[in-house]
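Take a look at the structure below.
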Amino acid sequence: MSAKLVLIAACLAGLALSSSGAAAELKLPPDGWVSWQADAVEDAPDMCCWIGMKGDAASRSACKLDGQRGNLGNRDNAKTDAVRVYARVEGGKVERLRALSASCPVETVTPIRDLGEVEADDGARWLIAHSRRADEMKNEDSQDNVITAIAMHRGEIAYNGLATIARGDDRPGSRKSAIFWLAKARGAAGADLVAQLMFGDREPDVRRHAAFAITESKSPRIAQDLIRLGNTDKNGEVRSQAWFWLAETGATESENAIGAALRKDADDHVREQAIFALSQLPGERGTRALIAVAEDRSLPGEPRKRALFWLAQSESEGARVYLEKMLAGNAGR
């Protein structure tokens with residue numbers, strides 16, 4: 001290569017490094033609102049503020065960034081391909097932070113300085129560095145906001161940052177938030193890590209939360225993993241939650257697995273929660289499962305009574321017919 005070409009290459013490399021370094025540092029103004037945009041991970045939710053709850057009844061509403069969280073969330077599992085981060089700085093410190101889809105309208109008392117496009121890895125690095133200082137921010141949900149922002153960024157830097165928080169952060173709320181977003185937005189790798197924590201974490205509360213989070217993932221093993229957890233976890237509350245979330249999935253294996261637990265688990269609380277889980281099965285499946293428990297004379301009286309209690313709480317036509325027949329039969333005796 002000629003000396004001229006070497007010089008040109010060196011200059012271009014230096015320019016690239018300078019540009020990358022400036023992006024990574026994300027130098028913010030000492031005061032006021034600032035925002036930047038980055039590529040979102042494939043399953044990033046379309047986060048915005050809404051009027052109404054769902055479907056056609058819900059419409060986008062400008063998020064008032066200076067105020068409280070409001071009706072912030074995602075509707076109908078819509079996705080976004082770009083995330084916009086908003087940070088308010090006071091005296092050189094980040095006081096508020098929010099991550100929304102790039103198309104979400106916002107309102108602030110003071111103007112927002114737009115830093116433009118930022119590489120997703122650079123944005124994720126900045127957020128990860130600030131995740132430890134989230135407690136210093138003014139809004140109560142600051143930890144969750146920072147972790148949500150990390151989760152929405154594309155790339156391995158964001159994934160690894162989430163995984164580190166989920167595995168070993170000393171703040172329970174941060175761990176739970178990271179576990180949720182790993183399942184919700186980080187694909188197969190995120191779901192696999194959540195499953196590992198669901199079975200292997202030493203904290204029962206984390207395992208219980210992971211049982212919920214896994215149902216938000218696209219894992220093909222959700223039902224099998226929840227059944228395994230319900231059958232093997234040493235903590236009764238974790239087992240109870242496994243049966244509840246299994247029923248919520250509506251998996252075809254639910255009735256048999258929960259019914260078996262009802263008969264073999266020695267913990268009264270778990271048995272009681274297993275019956276409640278059956279009541280959460282979709283449609284008439286819950287009614288049929290509860291009737292089967294009520295009719296099973298091999299069971300002790302208390303589980304059968306609990307099944308009748310939940311049948312009485314049901315708005316199912318099948319439950320009403322069954323209870324009326326039962327009352328009529330008893331009246332004739």
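The values are calculated or read from the model by the stated rules, or taken from the named source; none is laboratory data. Because the structure is a prediction, the values reported are computed rather than measured. Quick reminder, even Gly has a Cβ in these numbers, built from the backbone with ideal geometry, and neighbours come from all protein chains shown.
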Problem - Selection within the range 269-301 - small (Gly, Ala, Ser) and part of a helix (DSSP H, G or I) - result: Ala274, Ala277, Ser279, Gly286, Ala289, Ala292, Ala294, Gly301
Problem - All helices (runs of 4 or more DSSP H) inside the range 205-268 with 2 or more residues being touching a Phe, Trp or Tyr at 6+ places or on another chain (Cβ under 9 Å) and more than 21 Å from Arg285 (Cβ to Cβ) - result: 222-232
Problem - Test result for Ala257, under 30 Å from Gly187 (Cβ atoms), over 24 Å from the mean Cα position of the chain (by Cα), among the aliphatic types (A, V, I, L, M) and modelled with pLDDT of 95 or more - result: yes
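Every residue, every condition in (1) assigned to a loop (DSSP other than H, G, I, E, B); (2) crowded, with 21+ Cβ neighbours inside 10 Å; (3) at pLDDT 90 or above; (4) out of contact with any helix residue (DSSP H, G or I) (no Cβ under 9 Å at 6 or more places or on another chain), yes or no:
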residue	(1), (2), (3), (4)
Val83	no, yes, yes, no
Val89	no, no, yes, yes
Val109	yes, no, yes, yes
Gly123	no, yes, yes, no
Leu127	no, yes, yes, no
His130	no, no, no, no
Handout entry: the range 253-279 residues that are surrounded by 15 or more Cβ atoms within 10 Å (Cβ to Cβ), paired with ones that are assigned to a loop (DSSP other than H, G, I, E, B) and of a type in the set (Ser, Thr, Tyr) (beta carbon under 9 Å, 6 or more apart)
Key = Ser279/Ser314
Handout entry: Test: residue in the range 289-310 that is without any contact (Cβ under 8 Å) to a residue 60 or more places away in the chain, out of contact with any helix residue (DSSP H, G or I) (no Cβ under 8 Å at 6 or more places or on another chain) and closer than 17 Å to Trp245 by Cα
Key = no
Exercise for the section: Specify which of the listed residues (Arg285, Arg306, Arg271, Arg297) is out of contact with any strand residue (DSSP E or B) (no Cβ under 8 Å at 6 or more places or on another chain), over 21 Å from Gly230 (Cα atoms) and not small (Gly, Ala, Ser). Expected result: Arg297
Handout entry: The lone exception for Gly236 - which of (1) out of contact with any His (no Cβ under 8 Å at 6 or more places or on another chain); (2) under 28 Å from Glu272 (Cα atoms) it fails
Key = (1)
Practice task
For residues that are out of contact with any strand residue (DSSP E or B) (no Cβ under 8 Å at 6 or more places or on another chain) and either closer than 12 Å to Tyr86 by Cβ or modelled with pLDDT of 70 or more (or both), tally how many sit in the range 133-147.
Solution key: 4
Completion exercise
The residue that is surrounded by the most Cβ atoms within 10 Å (Cβ to Cβ), considering only those in the range 25-74 that are touching a Gly at 6+ places or on another chain (Cβ under 9 Å) and at pLDDT below 85, is Leu26
Practice task
Could you tell me whether any residue of the range 307-329 is at pLDDT below 90, acidic (Asp, Glu) and assigned to a loop (DSSP other than H, G, I, E, B)?
Solution key: yes
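Conditions (1) among the acidic types (Asp, Glu); (2) more than 26 Å from His153 (Cβ to Cβ); (3) out of contact with any Ser or Thr (no Cβ under 9 Å at 6 or more places or on another chain), marked per residue:
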residue	(1), (2), (3)
Asp192	yes, no, no
Ala195	no, no, no
Gly200	no, yes, yes
Phe212	no, no, yes
Ala223	no, yes, no
Arg228	no, yes, yes
Trp245	no, yes, no
